[in-house]
Amino acid sequence: MTMQAQVDTNGEARTAQACLLEFRNIRIVYDNAIEAIRDVSIAVPEGGIVALLGSNGAGKSTLLKAMSGILYTEKGELENGSIRFRDEDVHHLAPDELVRRGIVQVPEGRRVFAALTIEENLQ
């Protein structure tokens, strides 16, 4: 069964099934000055797949950094909204706690350590 995340006219994410991961009215700012994302809502249903598409600078990586709890590494901050995983607010949790709960960002090729095996990179 395939479910699609839908966004209504108010920008609210909604699905016909329970959400595994949900971004609600996200606003992210870098350096207290640069607004990277404004009022984004996305719902990923349990067992579903959502593709995040956009041009360079559209906020795709920023959204994933927020999900992974690593915005702080680039002076980014979630100023509004929430990130929920299995119906629990998780945007305030540290990256290691997010990993323990099952939220993991898999880096693209240029962000891995070439001298390590695939298993070592995943660890």
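The values are calculated or read from the model by the stated rules, or taken from the named source; none is laboratory data. It should be emphasised that the depicted structure is a prediction, and the values quoted were computed from it without experimental measurement. Using ideal geometry, Cβ is built from the backbone for each residue, glycine included, and neighbour counts are taken over all protein chains shown. Areas reflect the complete protein model, heavy atoms only, side chains present, ligands, DNA and RNA absent. Shrake-Rupley method; radii C 1.70, N 1.55, O 1.52, S 1.80 Å.
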Could you tell me what percent of the accessible area of segment 50-106 is made up of carbon and sulfur, with a 1.4 Å probe and every protein chain present? 50
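What are the GluC sites (Glu not before Pro) within segment 41-123 that DSSP puts in a loop, where the Cβ has at most 13 other Cβ atoms within 10 Å?
Listed in order of number, the matching sites are Glu46, Glu108.
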Loop only by DSSP, 10 or fewer other Cβ within 10 Å of the Cβ. Give me the chymotrypsin sites (Phe, Trp or Tyr not before Pro) in segment 56-123 that pass, ordered by residue number. Phe113
Once phi is turned into θ = phi - 60°, what whole-Hz ³J(HN,Hα) does the Karplus curve with 6.51, -1.76 and 1.60 give for every residue of segment 92-106, x standing for Gly and Pro? 8, 7, 6, x, 5, 6, 4, 4, 4, 8, x, 9, 9, 9, 8
Computed accessible area, Leu78, all protein chains, 1.4 angstrom probe, square angstrom: 40
